[in-house]
Amino acid sequence: MSEAEDDPLPIVDLSIPLCRNLRNKGMYVYTDGGGGEHGDYDNSIYWCLQTMKSFGPDDELVDAHECRAPDRPCYLPL
C-alpha cells in the first residue's frame, strides 16, 4: 500500500455549517425526514450554485465535507 492509501479520511467538524451554495438532489426529493447526517458512505451528487458544476469557483470539488471549510475563498455559511 502507498502512504496515500494509509491516510485516514479527514475528520469533519459537523458544527461548521455547510456553504449556502452547496446543493444536491436530495434537497428536492420528498422524504419522510428520517435521514439525518450522512454516514460513512455518501453517494449524493453535489453541485455549487456559483458554478452549477461539481467544483466551486476555487476549482476544488464540492461535497458535504469539502464545503464546510471556512478557509475556502467561496465559502458562505448558512
Here the qualifying pairs (Cβ atoms under 6 Å; residues six or more apart or on different chains; first in region 5-29 and within 18 Å of Leu49 (Cβ to Cβ) and assigned to a loop (DSSP other than H, G, I, E, B); second at pLDDT 70 or above and open to solvent by 100 Å² or more (accessible area, probe 1.4 Å)) come out as Pro17/Leu78; Arg20/Leu78
Counting just the residues of region 38-75 that are charged (D, E, K, R), open to solvent by 70 Å² or more (accessible area, probe 1.4 Å) and in a loop (DSSP other than H, G, I, E, B), which one comes out modelled with the lowest pLDDT? Asp40
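The values are calculated or read from the model by the stated rules, or taken from the named source; none is laboratory data. Being a predicted model, the structure only gives us computed values, none of them experimental. Positions of Cβ are backbone-derived with ideal geometry, glycine not excepted, and every protein chain shown enters the neighbour counts. In case anyone asks, the SASA skips ligands and DNA or RNA and just uses the protein heavy atoms, side chains included. Shrake-Rupley method; radii C 1.70, N 1.55, O 1.52, S 1.80 Å.
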